[in-house]
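Okay, so here's the structure we're looking at.
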């Protein structure tokens, strides 16, 4: 009798649906990566808040960066063109994050990729909405306060600069190792019967995020303008042309 009960219990446990090991791996990995990205954003935004109020030489980069042609800087600083580019960059970042999280990576690739995603997320959030908090009264742009030569940078730039080459090397090494081992590139395991619900949820979340981002950018375009550096007695006295609104310098002397 006891043997029959044991067999029945084992049969019942085996009949219960079990979550695939790959699903648990990917779910835990996504949570860790997203939490690390959030920590990078919080750290960077906190330093930008401090830098706007305490650092000397802090400024708003309301154009592009060194990675884009100089002609595009005026597009980024424009009222409408800058908002559209912010929307385009947001889409690229979301697409890159989705592709990154869908694949199985080594620990080194995950760490480096997280640094890059977190850094770009924080700088893009600066242009979208957080500059209202970190640098009140400023024009739409990225808060830079770390002087290096003739340029200024921030903590997010450090994460991006360090993480990008390491990420490229780590991905190259990972691909080379799989080629030498004769293994195909690993992808997220598929679960039968769940493609449609997952796609539906993804479509709904993507549409919601797109509407939210478009609304934020629209508000930013409507309220475009502000200073490119904190207005202080020192800046007014020694740098009377430092403050600019909508790209136009004002003489404060």
**Length added when fully stretched, residue 71-residue 129, from 0.36 nm per residue minus Cα-Cα** = 18.4 nm
**Request:** Give the residues of the stretch 27-43 whose amide nitrogen is closer than 14 Å to a point set 7 Å from the Cα of residue 201 in the direction of its Cβ.
**Result:** 27-28, 30-31
**Request:** Could I have the simple spin-label model distance between residue 162 and residue 39, label points 7 Å from Cα toward Cβ, reported in nm to one decimal?
**Result:** 1.3
**Asked** Quick one: length gained pulling residue 89 to residue 107 fully straight, 0.36 nm per residue minus the C-alpha distance?
**Response** 3.8 nm
**Prompt:** By how many nm would the segment from residue 175 to residue 223 lengthen if fully extended, with 0.36 nm per residue of separation less the alpha-carbon distance?
**Reply:** 12.6 nm
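Since every read-out is calculated from the coordinates, none of them should be taken as a lab result. Since the model is a prediction, treat every value here as computed from it, not as a measurement. Quick reminder, even Gly has a Cβ in these numbers, built from the backbone with ideal geometry, and neighbours come from all protein chains shown.
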